[in-house]
Structures are given as structure tokens and as C-alpha cells.
Amino acid sequence: MEASLLPLTSSLTLTRAALLRPQVCVFHSRPKPLTHVDLAVLRRSKELEDEPLLEGMPPEYYDDEWQAEQRRKDKELQRLRRLEDEEEERKIEEYREIGLRLKGYPEEDVRKARRLVSSFIRAAEEVEEKIEEAADKGELTELVLMVIWNRLDLARRDDEKDAVRSLDLLYRRVETEILKREASPAMRLLNELLNLHKGFDDEGWLKECKKRMIDTFPREDPFSILVPQGFDIDKHQGPLRPSLDADDTFLRVDFVREVDSLLQEVREEESEVQYVEGLDAESVASKLKHQEKQRTIRQVEALLDLAINLKW
């Protein structure tokens, strides 16, 4: 009885152990097919395994993303270089165009004009005397203005602010001197009278202008018609014969007529101009320029009234 019980107990023990042992289920599934991306990655990995490492190259060299970033940077650099080349070609063309402005003038005259402009620039504080000296010699011409304008244009394109400011002032000063030399006696006298104004004391300025007019215009009384200019009736001294240049006498009526005509032209231009109100730099500069012009017009009107009512 005992001998037959032992195998039964062992059998029960093995069966219980088998029931308590965890069961592991193995599922046999088919492998997922590789996509073209996976194939490319495997192919690149295989190539990198076969490719020998280059000495001195950073580890990023073998990174696809790093390679793509470098190609993008290279394209951007090429684009910037192309833009720089186009800008350089544009500037060269502009400089060539500026140089061709003087092509129609004789080379010797161009060289003289350039030397004269260079002397103005080197003169610094003595530039006024140099300009007046050149004007007396008849050296101030349209060609000199063109040379200054070319230098001014080049300075503007190169964004040389100090040179632009200096050349602009030089151009205006030379232009004013040329216009003054070519102007009529009435316009020259008007310019002189306006320059007498110091910015204040209008009454003193008008007295000085009256004195200058009396010294400039010949007397307009019955006795002055009978005797030539320069003869002192009170002292009975002076030339008895009229001057050979009597036809070129500058009369007060000539001054009044030209100044009045100038004022009419300026007033017509002012009536057509429309000024835009604003606080930006361009609007403020335009407003200040307009105010300066109106002040000059009022001064010319005062001089015209003084000449009309002038009494010796």
C-alpha cells in the first residue's frame, strides 16, 4: 500500500508544478517589408561602413543633416556673391556715365577746370578769395560747375557725407559768382543791397541801402539833365562834356523796372507751389526754406519801395 502511494504522490507533485509554471506564448509573425526610406538608410550605413574615414574631417562630415545645411549655406553664399557682383557692375556703369559727361569738352579745358576745382578744395578758409580771383580772370565757366557736380555726384554715391556737404557749398558759391558776373547792373546792385543786411536792424539796413542808391543812380532833377554826370552845380566843377559811355548809364528807372519784373515772376511761382504740412525732416526743411524765401521777398519789396520813393 505504501509502495503504490509514492508514485501517485510524485505524479501529483509534477502535475501541480506544471500548472503553476508560467506559460509563454510564442507568436510566429511574418516580418514587415522595408520601405524605400529604410533601404536608403541601410544602403548609406553600408556605404559608411565600407567608406574609409578621412583624416582631419569632423564627425559631422558623415551626418546627412549637416551635409544638407552646408549645401544650403553654400547656395546662400553664392547668391550674396552674385548680388555683390551685380552691385559692383552697376557702380562701374554709373562711374562710366559720370566720366562721359565731360567727353564733349576739350581735354585741355577739362584739365584746367579740374586743377581749378582742386585749388578751391585745397584753399580751405581762403576759398572765397580764390573764387573771386578766378572770376576776375574769367576762369569760372559752365565746365567748372560740371567738374564740381561730377565730384559731388561721386561723393553722394559713395555716401561721403562730409565731402557732399563741402562740395555742395562750393557748387552753390561758384554758381552764385557766375550768375553775379553775368547778371545785369540792376540784379548786381540788388544782390549787393541784400548782402548788406546783417539779419537785424532793418531800419539801419534801409538807411545804408538808400546811401548806396544815391551814390549809384544819377540825379534826376532838371539841372542834371542839362549837365553831364559828375558836374557839381553848386561849385561849378566837373566835366562839361558828356562821357563816351553815357548810353550805358545805370538809371533808377532801370532798377525799378527789373526788380518789379523779378518780383512778379517770383510771386507767380509761389502761387503755384503747394507746401505739405508735416513734422518729418523733409517737410520741416521745406517749411524753413519757404520762410527764408518769403523773408527775402519782403526785403526785395522794401528795396523796390525805397527806389521808387528815393529822393536826393
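The values are calculated or read from the model by the stated rules, or taken from the named source; none is laboratory data. Here the structure is a predicted model, which is why all the values come from computation and not from measurement. All Cβ positions, glycine included, derive from the backbone under ideal geometry; neighbour counts span all protein chains shown. Side chains included, ligands, DNA and RNA excluded: accessible areas come from the protein's heavy atoms. Shrake-Rupley method; radii C 1.70, N 1.55, O 1.52, S 1.80 Å.
A few notes on this one:
- Residue match in region 52-64 (condition: at pLDDT 65 or above, open to solvent by 100 Å² or more (accessible area, probe 1.4 Å) and not small (Gly, Ala, Ser)): yes
- Among residues of region 191-217 that are on the phi < 0 side of the Ramachandran plot and of a type in the set (S, T, N, Q), those with a beta-carbon under 8 Å from a residue that is open to solvent by less than 40 Å² (accessible area, probe 1.4 Å) and at pLDDT 90 or above at least six positions away or on a different chain give the pairs THR216/LEU189.
- Whether a residue is at pLDDT 75 or above and within 16 Å of LYS293 (Cα to Cα) was assessed, and VAL253 does not pass this test.
- Only one entry in ARG90, ARG114, ARG96, ARG101 is open to solvent by 70 Å² or more (accessible area, probe 1.4 Å) and more than 17 Å from ARG157 (Cβ to Cβ), namely ARG114.
- Test result for GLU208, closer than 30 Å to LEU306 by Cα and open to solvent by 30 Å² or more (accessible area, probe 1.4 Å): yes
- Test: residue in region 124-147 that is basic (Lys, Arg) and either buried (at least 16 other Cβ atoms within 10 Å of the Cβ) or on the phi > 0 side of the Ramachandran plot (or both): yes
- Among (1) under 32 Å from the mean Cα position of the chain (by Cα); (2) under 19 Å from GLU292 (Cα atoms) - the single one ASP202 does not satisfy: (1)
- Meets criteria (out of contact with any Phe, Trp or Tyr (no Cβ under 6 Å at 6 or more places or on another chain) and within 22 Å of ILE178 (Cβ to Cβ)) for VAL127: no
- Taking the criterion of being over 22 Å from the mean Cα position of the chain (by Cα) and open to solvent by 80 Å² or more (accessible area, probe 1.4 Å), the residues of region 171-199 that qualify are LEU179, ARG181, GLU182, ARG188, GLU192, ASN195, LYS198.
- Looking only at residues of region 122-170 that are of a type in the set (Val, Ile, Thr) and under 21 Å from GLU107 (Cα atoms), we find that the one that is farthest from the chain's Cα centre (by Cα) is THR141.
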